[in-house]
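In what follows, a structure is listed as structure tokens, so that the remarks can point back to it.
Just so it is clear, none of the values below were taken in a lab; they were calculated from the coordinates. A quick note: this is a predicted structure, and the numbers were derived from the prediction, not measured. In this analysis, Cβ positions are derived from the backbone assuming ideal geometry, glycine residues included, and neighbour counts consider all displayed protein chains.
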Amino acid sequence: MNNKTALITGASSGIGLATAKTFAENGINLILCGRRQDRLERLKNDLKSKVFIHLLNFDVRDREAVFNAFDSLPDAFKRIDILINNAGNAHGLDSIDEGDIDDWDMMMDINVKGLLYVTKAVLPQMTKRKEGHIINIGSTAGKEVYPNGNVYCASKHAVDALNQGMRIDLNKFGIRVGAINPGMVKTEFSDVRFKGDSERADNVYRGFQPLSPNDISEIIYFVVSRPQHVNIADLVVMSTAQASSTIVNKEL
Ligand code: NDP
Ligand code: 8X3
């Protein structure tokens, strides 16, 4: 994997941060993206002895900022071999009749439109080279719908559809496209969903062993390190205790 460069959105926390560390351990140069620049700087300091790192600071909802960020890339980082479309979150967990429209906007704007903007910005150099690998971080919420998950599930079903659509349309360029759809992973995801209510967030993962961000980053590395002719198109991964979005065995 030497001399490869990966761009990771949402590298300041959780799955994206773990992926940055795993990729750095394996010699993949990094473009790390997120809004919290202080966290990105810290991560760069931790990893800069291993690989070359460039930081991009933008909100994926801001279309102009996304394209400006990519235009600003130094020559050494203009070739992006691997795109990890990871930035995203749930906002709220409410019945559809009680949902907050601002939460709905955030989920659709970040998880769906943001992913599209970043992909659009990264693609030209991949289509030109007829080479590249895109990993979309979906969710079990993109494979099934659970009570009060409504709009978050819709946003992840959209990621599932886009993953298939990208794979079909980019096939002519030889670009690999695949999704990794995790079940419950202990990150800042639930803190964000419950707007800082840490007790409610912790409760989501109480009584069983959820996945860790590192469990997912190791799988992402496995996927991107397959030989060129192998594309892992769609992968669902849950903790052993979880059987579906609503069935979790707390007796294990
Ligand atoms: P975290 O909350 O820990 O991380 C989310 C990341 O997304 C942060 O780095 C955050 O960076 C970034 N992000 C959020 N909003 C924006 C924005 N508007 N612009 C740019 N970056 C943004 O959660 P996870 O690591 O768990 O989530 C990563 C992905 O995994 C998401 O797509 C999520 O839906 C998916 N997922 C998570 C699961 C889980 O159980 N945790 C299970 C299945 C899928 P910053 O705030 O600095 O901008
Ligand atoms: C995150 C997993 O089950 O909280 O995508 O929706 S879940």
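Below is a table of values for the structure above.
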quantity	calculated
Hits in region 165-191 - residues which are in contact (Cβ under 8 Å) with a residue 40 or more places away in the chain and more than 10 Å from ligand 2 (Cβ to nearest atom)	MET166, ARG167, LEU170, PHE173, GLY174, ILE175, ARG176, VAL177, GLY178, ALA179, ILE180, GLU188
Any hit, region 200-214, residues being in contact (Cβ under 8 Å) with a residue 60 or more places away in the chain and farther than 24 Å from HIS157 by Cβ	yes
Residue that is farthest from ligand 2 (Cβ to nearest atom), among those in region 228-252 that are surrounded by fewer than 16 Cβ atoms within 10 Å (Cβ to Cβ) and closer than 14 Å to TYR205 by Cα	GLU251
Residues (closer than 23 Å to ASP75 by Cα and in contact with a helix residue (DSSP H, G or I) (Cβ under 7 Å, 6 or more places away or on another chain)) located in region 22-42	PHE23, ALA24, ASN26, LEU30, ILE31, LEU32, GLY34
So PHE67, is it within 18 Å of the chain's Cα centre (by Cα) and among the aromatic types (Phe, Trp, Tyr)	no
For PRO124: the one exception among (1) surrounded by 19 or more Cβ atoms within 10 Å (Cβ to Cβ); (2) over 16 Å from GLY10 (Cβ atoms); (3) out of contact with any Pro (no Cβ under 7 Å at 6 or more places or on another chain)	(1)
Scope region 127-148; condition surrounded by fewer than 19 Cβ atoms within 10 Å (Cβ to Cβ), of a type outside the set (A, V, I, L, M, F, W, C), in contact with a helix residue (DSSP H, G or I) (Cβ under 6 Å, 6 or more places away or on another chain) and not in a helix (DSSP H, G or I); matching residues	LYS130
